[in-house]
Amino acid sequence: MKSVKFLSVVAAAAFAATAAFAAPPVKTVESEKGKVLAGENGMTLYTFKKDVKGVSNCNGDCAKNWPPLMAAGDAKADGAYSIIERKDGMKQWAKDGMPLYFWVKDKKMGDITGDGVGGNWDLAKP
């Protein structure tokens, strides 16, 4: 009986550890325009109008100014959050198929200075 309890505890711990890796590294924060998506670091996330579902078109210099929300190798898609492969082979998080990015000019949690830049960037909403 002790071994059954022990195995149950081990299985529960393994499930909890797996669940921690499976969840997308995204949270909701308040901004002057209401609730927006942010990375684990609290910085606002954006979507790019020139992307299409499942494809990032922000590479090279674009990605220097708009760093992608990268996905770890063991990350798993969850609900509205998926993982796409970038042109360089790296993995990136997407919401509803649209790749997610940070903006280098945002300095603190809740900053939304990238909203509308060049007419191509939108706040990622929950």
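The values are calculated or read from the model by the stated rules, or taken from the named source; none is laboratory data. In this text the structure is predicted, and so the values were computed from the model without any measurement. All Cβ positions, glycine included, derive from the backbone under ideal geometry; neighbour counts span all protein chains shown. For accessibility, only protein heavy atoms count, side chains too; no ligands or nucleic acids. Shrake-Rupley method; radii C 1.70, N 1.55, O 1.52, S 1.80 Å.
Computed over protein heavy atoms with a 1.4 Å probe, the carbon and sulfur contribution to the accessible area of segment 69-126 reaches 55%. For segment 20-90, rounded, prolate or oblate, judged on the Cα gyration tensor with a ≥ b ≥ c (square roots of eigenvalues), a/c < 1.5 rounded, else prolate if a/b > b/c? Verdict is oblate for segment 20-90.
Here the gap between LYS49 and ALA80, fully extended at 0.36 nm per residue and compared with their Cα-Cα distance, gives a gain of 9.3 nm. Note on LYS108 and LYS27: the extension gain reaches 27.7 nm, defined as 0.36 nm multiplied by sequence separation minus the Cα-Cα distance.
Find out how many positive minus negative residues lie around SER31, taking Lys and Arg as positive, Asp and Glu as negative, among other residues whose Cβ is under 12 Å from that of SER31. The answer is -1. Couplings 3J(HN,Hα) of segment 37-43, computed from phi: 7, 9, x, 4, 7, x, 7 Hz, in residue order, whole Hz [Karplus 6.51 cos²θ - 1.76 cosθ + 1.60, θ = phi - 60°; x for Gly and Pro]. Prolate is the label for segment 61-119, because the ratio a/c of its alpha-carbon gyration tensor axes (a ≥ b ≥ c) is 1.5 or higher and a/b is greater than b/c. Net charge near GLY118: determine it from the other residues with C-beta under 12 Å of the C-beta of GLY118, scoring Lys and Arg +1 and Asp and Glu -1. Spelling it out: positives minus negatives among the neighbours equals 0.
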